[in-house]
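Take a look at the structure set out below.
Here, each number is a calculation from the coordinates, and none is a lab measurement. Please read all numbers here as calculations on a predicted model, not as lab measurements. Neighbour counts run over all protein chains shown; Cβ positions are idealised from the backbone, glycine included.
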Amino acid sequence: MLQSLQKDLVHEVDDKDLRVIVIAANGPVFSSGHNLKEFTVVHGKTNHADVFDACIKLMTTIQTLPVPVIAQVNGLATAAGCQLVAGCDIAIASEKSKFATPGVNVGLFCSTPAVALGRAVPKKVALEMLFTGEPISAHEALMHGLVSKVVSEENLEAETMKIAHKICQASRPVIALGKATFYKQISQSLEDAYRLTSQVMLQNLELKDGQEGIEAFTQKRKPVWTNSLE
Amino acid sequence: MLQSLQKDLVHEVDDKDLRVIVIAANGPVFSSGHNLKEFTVVHGKTNHADVFDACIKLMTTIQTLPVPVIAQVNGLATAAGCQLVAGCDIAIASEKSKFATPGVNVGLFCSTPAVALGRAVPKKVALEMLFTGEPISAHEALMHGLVSKVVSEENLEAETMKIAHKICQASRPVIALGKATFYKQISQSLEDAYRLTSQVMLQNLELKDGQEGIEAFTQKRKPVWTNSLE
Amino acid sequence: MLQSLQKDLVHEVDDKDLRVIVIAANGPVFSSGHNLKEFTVVHGKTNHADVFDACIKLMTTIQTLPVPVIAQVNGLATAAGCQLVAGCDIAIASEKSKFATPGVNVGLFCSTPAVALGRAVPKKVALEMLFTGEPISAHEALMHGLVSKVVSEENLEAETMKIAHKICQASRPVIALGKATFYKQISQSLEDAYRLTSQVMLQNLELKDGQEGIEAFTQKRKPVWTNSLE
């Protein structure tokens, strides 16, 4: 599953027509994370390490992709499944969705999910989830920042598509530059972050689509993007 | 506007009677950020760079001022206007206020606003705003930490003044020391932060107003501040 | 009080039967922080420094303990008392609880509490509390991440015990490894954090209780923990 998801995420990465990726699931579970049967002693430490490496590679890929990745959650997201939600750029959930890190119940603390979760929600919320394994509701996930929007189940796809379509109206290289810069600056000091982003603003203005956007604005017309990297 | 605001912020900075600054606006817009017409090719890269430098200087000034800066928001705050709200120490908004980073619509990703926004609200909320350009409401801004209070439009000024008056009852050098220390420690490791602030607590106790405050407390009387830097 | 609390926290630290610690108070105040009378000039700078050192030692101890520490708050938590709540792993509050950092009123800015508070709630909320000294309600504390649950006063103990009992059902060394790793990774870069936690997951799988947990899961039975460090 990790390899299949990885492949799906990158296989059209250079296609100009790829503008946004939505990760959704069929059935009542968004993702329940790793298959614990792969973690029995018989599979061996090397295989275990491979699984975690594949998982981290997937999380890193999501952040380095030039297009936004949206998690469309309708149901339960647990352990590495909760990590996947936390690791996406945007997450929309239906009201019935729940989020948990229950590894502690099977003696395997959700330490890798904690990396993403601990950067998405307040420390106390993360630790209560990690120590108890108990789920939080979609509305709690919204209040605490794990998802950015909660809607009814019947509106979930429409709301996700609304956001996706909005993103498709923007210039691909502008979104790509903005996304890469966001993740780069967010771990820097305020001074370094402002120094970096000022340079990026100038770089953005020199893009063909940067110039077109400003020109269209001053001419009170809709911009026509080239989506060119120049 | 940036230069005028910069000048207003600093021109009485050493006056002991300056105790708090409130940034407010007339009309339905708090601030819509940069004038995009300054970003056309004809103005040239050097001018563009000057604009971003002035903007960063303003944001840095707000944090380094010895008095708290309150954003009193009644209406729309977009792009660098949203950054201004995120960059103030405190922000109070009326219920009708909205916050957005819509640069993506004109091909200029709000990368500098993202520095302040990404440090004020959860990552997913920031990225949805940045990728779609869509506004969030005042109540969403409160839930996600962009503002610290939301009140009705008719109570906005009274509520802001209540906070401002409360700050005016404190000792200026105590507030100045506390503010400078807060921003210094917040980016440090927990250990370094505690080491720094322990020293600052001792320094604070040696201030004339630090001693007066403790003495007044033990004598069950109101303190009389000298506002002296000694 | 700091020394007594410190002693209570560590005196059974190596006892396998110690699985969770709850900090609660009798009476209408959870903790009002330092005794300001200890900060008069007559006590001298060395004594003042000793007080802050003891306070920081306590906060550090809470994070380094191998078991979760829960603050059960029923009433007012101010200054270093608010810091204590912010410094615990989990915090449950009754609806009547309030949280404040009012040092500014007595000329002693809550700079050490600000370390914990500023890492628990959004910057604007922290600064409004620090600059005005005004309290926030339990529901505001929940919304902003200072506590992870708010319940009615009569349900407070039952709710806290429910969480504590859930934690007692887990393996002590698994919880200990997870807690230590959480605090270690949270201040690292995303890359370093994932590198560290992948190794920790493998280490966790090699624990006796890690193997037992996975085995019990595949055999569809309840795990029986040894709580052994091996």
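First measure r as the distance between the Cβ atoms of B:Thr46 and A:Glu191, then evaluate 1/(1 + (r/R0)^6) with R0 = 35 Å and state the FRET efficiency to the nearest 0.05. Present the calculation step by step, with values, prior to reporting the outcome.
Values: r = 22 Å, r/R0 = 0.63.
Rounded to the nearest 0.05, the efficiency is 0.95.
D for region A:8-90, whole µm²/s, Stokes-Einstein with Kirkwood Rh over alpha-carbon pairs at 10 °C and 1.306 mPa s: what number? Each step should come with its number before you reach the end.
Values: Rh = 14.0 Å.
Once the numbers are plugged in, D ends up at 114 µm²/s.
Determine one quarter of the surface area of the Cα convex hull of chain B, which equals its mean projected area, and express it in nm² to one decimal. Walk me through the numbers before you get to the answer.
Numbers: hull surface 58.1 nm².
Across all orientations, chain B yields a mean hull projection of 14.5 nm².
Output, in nm with one decimal and in ascending order, the distances from the C:Leu229 label point to the matching label points of the other copies (7 Å from Cα along Cα-to-Cβ).
Listed shortest first, these distances are 5.3, 5.3 nm.
For chain B, what proportion of DSSP beta bridges, expressed in % and rounded to the nearest 5, is antiparallel?
Values: 2 of 17 bridges.
In chain B, DSSP labels about 10 percent of beta bridges as antiparallel.
What ranking do A:Met59, B:Met1, C:Met201 get, fewest neighbouring Cβ atoms within 10 angstrom at the top? Intermediate values should be presented prior to the final figure.
Details: A:Met59 21, B:Met1 12, C:Met201 27.
By the 10 Å Cβ count, ascending, the order reads B:Met1, A:Met59, C:Met201.
Under the rule of -39500 (n - 2.57) per DSSP H run of 4 or more residues, summed and divided by the residues of chain C, what mean residue ellipticity at 222 nm is obtained, to the nearest 500 deg cm²/dmol? Numbers along the way, then the final one.
Working: 10 runs with 119 residues, N = 230.
Theoretical 222 nm ellipticity from helices: -16000 deg cm²/dmol.
Along the charge dipole of region A:1-62, which of A:Gln6, A:Ser32, A:Val22 sits closest to the positive end, that is, farthest toward it, with unit charges on the beta carbon of Lys, Arg, Asp and Glu (+1, +1, -1, -1)?
Positive-end residue among those listed: A:Ser32.
Charges at C-beta only: +1 for Lys and Arg, -1 for Asp and Glu. How large is the resulting dipole of the protein assembly as shown about its Cα centre, in Debye rounded to 20?
Computed charge dipole of the protein assembly as shown: roughly 0 debye.
In debye to the nearest 20, how big a dipole does chain A give about its Cα centre with +1 on each Lys and Arg Cβ and -1 on each Asp and Glu Cβ? Please report the intermediate quantities before stating the final value.
Details: 22 positive and 24 negative charges, 52 e Å.
That gives chain A a dipole magnitude of about 260 debye.
About its Cα centre, how strong a charge dipole does region B:143-230 have in debye, to the nearest 20, once Lys and Arg get +1 and Asp and Glu get -1 at the Cβ?
200 debye
Hey, what's the per residue convex hull volume over the C-alpha atoms of the protein assembly as shown, in cubic angstrom? Could you put the intermediate results ahead of the total?
On the way: hull volume 107.6 nm³, N = 690.
Convex hull volume per residue, Cα atoms: 156 Å³.
Can you say what percent of the DSSP beta bridges in the protein assembly as shown, counting only those with both residues inside, are antiparallel? Round to 5. Write out the running numbers ahead of the final one.
Values: 6 of 51 bridges.
The antiparallel fraction comes to roughly 10 percent.
Rounded, prolate or oblate: pick one for region A:114-210, where a ≥ b ≥ c are the square roots of the eigenvalues of its C-alpha gyration tensor, a/c under 1.5 means rounded, and failing that, prolate if a/b is larger than b/c, else oblate.
Details: a/c = 4.11, a/b = 1.41, b/c = 2.92.
Taking the square roots of the gyration eigenvalues as a ≥ b ≥ c, region A:114-210 is oblate.
Going Cα to Cα from B:Lys184, which lysines come in below 20 Å? Please leave out same-chain ones fewer than 8 positions away.
B:Lys57, C:Lys123, C:Lys124
Give the cross-link partners of A:Lys222 among the lysines, using a straight C-alpha distance below 18 Å as the criterion and excluding same-chain residues fewer than 8 apart.
A:Lys166, A:Lys208, B:Lys37
Given the options A:Asp53, A:Asp89, A:Asp192, which has the most mean-square fluctuation in a GNM of chain A, springs set between C-alpha atoms less than 10 angstrom apart?
A:Asp192
Please report Rg over Rh for region C:32-155, where both radii come from the alpha carbon positions and Rh follows the Kirkwood definition.
0.98
So for region C:172-218, what are the equivalent ellipsoid semi-axes in whole Å, largest first, each being the square root of 5 times an eigenvalue of the Cα gyration tensor?
Working: eigenvalues 104, 25, 9 Å².
They are 23, 11, 7 Å, listed largest first.
Stokes-Einstein at 20 °C, 1.002 mPa s, Kirkwood radius from Cα pairs: D for region C:40-80 in µm² s⁻¹? Could you put the intermediate results ahead of the total?
Details: Rh = 12.6 Å.
The Stokes-Einstein estimate is 171 µm²/s.
Going by Cα centres, region A:187-230 and region C:154-230 are how many Å apart?
46 Å
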